[in-house]
Amino acid sequence: MGPSGPEQRLPRRSRSGGEWRSTCEMTTQNARELTEESVEARLAELLGQERFTPPAEFSDDAEISDPQLRARAAADPVAYWAEQASGLRWSTPWERVLDDDDAPFFRWFEGGRINVSDNCLDRHVEAGLGDRVAYHWHGEEGETRDITYAELLDRTARFAGALKELGVGQGDVVGIYLPMIPEVVVAMLACTRIGAVHNVVFGGFSAGSVAERMEVSGAKVLVTTDGARRKGKTAPVKPEVDRTMGQLAPLEKIVVVRNTGIDVPMTEGRDVWFDEVVAAAEPAAPEPMDAEAPLFILYSSGSTAKPKGIQHTTGGYLTGVSTTHRQVFDLKADDVYFCSADVGWITGHSYIVYGPLANGVTSVMYEGAPDYPHKGIWWQLIEQRKVTKFYTAPTAIRACMKWGVEHVAPHDLSSLKLLGSVGEPINPKAWLWYWHVIGGENCPVVDTWWQTETGAIVITTLPGIDAAKPGSAGTPLPGYEVQVLDPETGEQVTEGEGLLAIPRPWPSMLRTLYQDPDRYRSTYWNRFGESTYFVGDSARIDGDGYIWVIGRVDDVINVSGHRLSTAEVESAIVAHPQVAESAVVAKADDLTGQAIVAYVTLQGGTDPSDAVVAEINAAVADRIGKLARPKRIVFTQDLPKTRSGKIMRRLLRDIAEGRDLGDTTTLADPTVVDTLKDRWDAGA
Ligand code: WTA
C-alpha cells in the first residue's frame, strides 16, 4: 500500500474494438427497421427467457473476468477494499483499514490523507491526460462545450481559490443549487479541493426547500445561478432564492453563475458573480484531507417530514465509487459514458462526477429533459458522441417505450456496449425493451441497486461474467455482503422474501446523519443490531442468490426514481389554511413506478373545488418541488383510523390500487372506507 500512480487503475484500451463494432453495426441495421409490431413480437419471444448471459465479444474483453473475484474478496473483504483504495493517490498512507471499535460509527482508512479533486483532476493531468475530454456538455438548445481535464482542473483550482477568499475553509458547508451545467461539477470539485463540505440540492426542488436545507446544514455560501432553462423556457432562480433565503443568518455569500443572462438583483456585499470571482482568484492547491473528513451532505427523504442529511466522507467514498464505476461499467480508456441522471441526486454525485472523474473517463452531460427538443434527443446524443456506456432509470425507459420506437429507429446506436439501470425495480418488459431496442441484443444490461446511504452500487451483475435475470438486480458486488432477513425473527432467508440488510461495513457507506447521530442509529442500526445495516427495502432472494428488490418498507415513495417522503408531502399539504388533515400514499403507476395519492379532509365550511386543488398543488410545489405534487387528490369527510386514532394507510393504498379491503373491523368507523371507495371509483 502507499501512494501510487494513476497508471495502475486507469481503464485499459479496448482490445477488440474492431470486431465488436462490426457485430453492432449488423444489429443496428435491424434496429433501423424497428417497428412497434416487430418489437412487440420480439419481446413476447424473450419474455420467457429467464437468463441473459453476457455476449461473448463482451466477456472476452471484460474488465472483470475472474469468476473467483467475489470469493477472494469475501475471504478478506477488508484487504480487498484496501487493495481497491491503493489505486487512488494518497498523500499519507493509512494506518488502519477499518476501525469498527465504535460501531455503528465505522471509520475507513484511518490515518490516511487524500484529496478528492487531486484524484479526479491533477493526477490525470500529471499523467499526460490533460487533453482528454472530461465532459462533452450539451445544452438543450443544441449548444455544446467540450471541457478537458486540464480545463476542468484550471476552473476548479480557481474557484477553490475564490471560495477561500470568500472565507470558506475546511469543514464549512457550501450549498449548491444549479442546473445541469459544467459549473455544478466545478463547484463540487472546488469544495473537495479545500475540504469544504458540499450540500447539493436538486434543481427540481423549490427554493423553499433549498432554504430549509441551507439552514439546517448551516451553509456559509450558496452557489446558484441567475436562471435555469427547462424545455425552452427560462425559470428565474436567483430571484426565488432571494425570496426564500433573505433571512438566513449563517449564509454569508451567494455566488451566482451567469447562465441564462436574465437580469437578477444582486445584494451588495453578499452576492458575487461566479465568473468574476473565478477570474480574479489565485488557483488553490489541493489540501490533503483526513480520509474520514466529511466530503458532502445530501438530503434525502426518510420516514418523517424532516429530510435526512446523509453524510459521506472522503477516502472511503472515493474508493467505493471509483471501484464500482470501473467494474460495473467495464471501463476502457476510449469509453464515452453517458449517465442521464441529475447531479442533484446521489446517482449524479457518484456516477456523473466522482466515479467517472476518478477513473479519467470521458462523459456526456446533458442539460435538458429526455423529450426536449425532441423525444429522440438521448439517442441522437449517443449517435453523435459514439457513447459506449449508458446509464438511466426504469421510469425513463418506460417513457421511451410509450413514446415509441420511431424516436429510436433513426439513430445509429452501434457504439453502445453496455446499458445500466438505477433507481427502482425494472419490470422485465422494460428490461427487455432496453436490451432489444437500445442495446440491439448485444449489450449487457446491469440493473444496479443502491441508495444515497450506500454511496455506491452494492447489488448488480458483473457484466462480463454474470448472467442477468430481467427484474433482478443480481448479487452483491465483490467486497459486499447482503442478506435477506426474516422480518419477525431476524434470521437469514436463503430462498424467499424478507428485509434487505448489509451485515458488514463498506467504505462508501454513510457515516452519520448530519448533526443527528441518534437518528442515524435509530434509522439504520436498531432493527438488526449495531453491525447490520437496515436498508429499508424488502426483497426476495432466489435459489441462485439473485436478489429481487420489491420496494421500500418505510413511508418513502419512489416517483420516477426520486425519493419522497409521505410525511413531507403531508406536511406541505396541511400547511394550506383550509386543510384539516391529509394522508399520502403511493399507488403503483405504469410510468413513474409509484405515484402520489393524497387523501385530504377540509375544514368545515370549505368546499372541495378546483381552486383548492390548484392551491394544494402550488403549496407542495413551493415547499418541496413540482415533482412532489400528488397525481390525484381525493377529498373526504374522514380518514380511516383505528380506535387509537392511527390512520390506516394500508387501506388507503388498497383503495387507490383497487384491491379488496379485507378486514376493516379494527377501524373506529368502518363506513369511512366504503364512502372513500365510492368517491375514488367516482373519480372524485
Ligand atoms: C430503490 C438511488 C430496485 C430502493 C441510487 C432504494 C432500487 C432506493 C434500485 C434508494 C434498483 C434504487 N432496483 N430498487 N436497481 N435502485 N432502488 O437513495 O428502494 O435515491 O432503497 O438512491 O431506491 O433511492 P436513492
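Identification of strands (runs of 3 or more DSSP E) wholly contained in the range 476-547 with 2 or more residues that are within 22 Å of Ala74 (Cβ to Cβ) and open to solvent by 20 Å² or more (accessible area, probe 1.4 Å) yields 533-541. Out of curiosity, is Asp681 loosely packed, with under 13 Cβ neighbours inside 10 Å, more than 30 Å from Ser209 (Cα to Cα) and within 37 Å of the chain's Cα centre (by Cα)? Against the criterion (loosely packed, with under 13 Cβ neighbours inside 10 Å, more than 30 Å from Ser209 (Cα to Cα) and within 37 Å of the chain's Cα centre (by Cα)), Asp681 qualifies.
Quick one: in the range 442-467, of everything that is hydroxyl-bearing (Ser, Thr, Tyr) and in contact with a strand residue (DSSP E or B) (Cβ under 7 Å, 6 or more places away or on another chain), which residue is farthest from the ligand (Cβ to nearest atom)?
Taking the candidates together, the pick is Thr461.
Pairs linking a residue in the range 548-570 that is near the ligand (Cβ under 10 Å from one of its atoms) and of a type in the set (D, E, K, R) to a residue that is modelled with pLDDT under 90 and not in a helix (DSSP H, G or I), with Cβ atoms under 6 Å and 6 or more positions apart or on different chains, are Asp554/Ser303; Arg563/Ser301.
Quick check on Val579: is it within 12 Å of the ligand (Cβ to nearest atom) and either surrounded by 19 or more Cβ atoms within 10 Å (Cβ to Cβ) or within 25 Å of Ile647 (Cα to Cα) (or both)? Don't jump to the end; show me each part of the working.
Values: within 12 Å of the ligand (Cβ to nearest atom): no; either surrounded by 19 or more Cβ atoms within 10 Å (Cβ to Cβ) or within 25 Å of Ile647 (Cα to Cα) (or both): yes.
Here the answer is no, as Val579 does not meet what is asked.
Inspection of the range 392-407 identifies at least one residue that is crowded, with 22+ Cβ neighbours inside 10 Å, within 11 Å of the ligand (Cβ to nearest atom) and more than 19 Å from Arg42 (Cα to Cα). Taking the stated definitions as given, is Gly368 away from the ligand (no atom under 16 Å from the Cβ) and in contact (Cβ under 8 Å) with a residue 60 or more places away in the chain? Yes. Somewhere in the range 121-138, is a residue open to solvent by less than 10 Å² (accessible area, probe 1.4 Å), farther than 19 Å from Asn199 by Cα, in contact (Cβ under 8 Å) with a residue 12 or more places away in the chain and in contact with an Asp or Glu (Cβ under 6 Å, 6 or more places away or on another chain)? No: the range 121-138 contains no residue that is open to solvent by less than 10 Å² (accessible area, probe 1.4 Å), farther than 19 Å from Asn199 by Cα, in contact (Cβ under 8 Å) with a residue 12 or more places away in the chain and in contact with an Asp or Glu (Cβ under 6 Å, 6 or more places away or on another chain). Would you confirm whether or not the range 308-317 contains a residue that is within 27 Å of the chain's Cα centre (by Cα), surrounded by 20 or more Cβ atoms within 10 Å (Cβ to Cβ) and at pLDDT below 95? Looking through the range 308-317, at least one residue is within 27 Å of the chain's Cα centre (by Cα), surrounded by 20 or more Cβ atoms within 10 Å (Cβ to Cβ) and at pLDDT below 95.
Scan the range 630-661 for residues that are under 24 Å from Gly604 (Cα atoms), open to solvent by 90 Å² or more (accessible area, probe 1.4 Å) and in contact (Cβ under 8 Å) with a residue 12 or more places away in the chain and the total you get is 2.
When Met365 is tested against the conditions (1) surrounded by fewer than 22 Cβ atoms within 10 Å (Cβ to Cβ); (2) touching a strand residue (DSSP E or B) at 6+ places or on another chain (Cβ under 8 Å); (3) not in a loop (DSSP other than H, G, I, E, B), the lone failure is (1). Condition check: touching a Cys at 6+ places or on another chain (Cβ under 6 Å), of a type in the set (A, V, I, L, M), surrounded by 24 or more Cβ atoms within 10 Å (Cβ to Cβ) and in contact (Cβ under 8 Å) with a residue 40 or more places away in the chain. Does Leu357 satisfy that? Criteria met by Leu357. How do the strands (runs of 3 or more DSSP E) wholly within the range 43-119 filter down when requiring 3 or more residues that are at pLDDT below 95 and loosely packed, with under 14 Cβ neighbours inside 10 Å: which remain? It comes to none. If the condition is being assigned to a loop (DSSP other than H, G, I, E, B), surrounded by fewer than 23 Cβ atoms within 10 Å (Cβ to Cβ) and away from the ligand (no atom under 13 Å from the Cβ), then the range 417-441 contributes Gly439, Gly440, Glu441. Checking each residue in the range 588-599 for being open to solvent by 10 Å² or more (accessible area, probe 1.4 Å), within 16 Å of the ligand (Cβ to nearest atom) and on the phi < 0 side of the Ramachandran plot picks out Ala588, Asp589, Thr592, Gln594.
Could you tell me whether Ile616 is away from the ligand (no atom under 16 Å from the Cβ) and crowded, with 19+ Cβ neighbours inside 10 Å? Write out each step before concluding.
On the way: away from the ligand (no atom under 16 Å from the Cβ): yes; crowded, with 19+ Cβ neighbours inside 10 Å: yes.
Yes: the conditions hold for Ile616.
The values are calculated or read from the model by the stated rules, or taken from the named source; none is laboratory data. No experiment lies behind these values; they were computed from the predicted model shown. Positions of Cβ are generated from backbone atoms using ideal geometry, with glycine treated the same way; all protein chains shown enter the neighbour counts. With ligands, DNA and RNA removed, areas are computed over all heavy atoms of the protein, side chains included. Shrake-Rupley method; radii C 1.70, N 1.55, O 1.52, S 1.80 Å.
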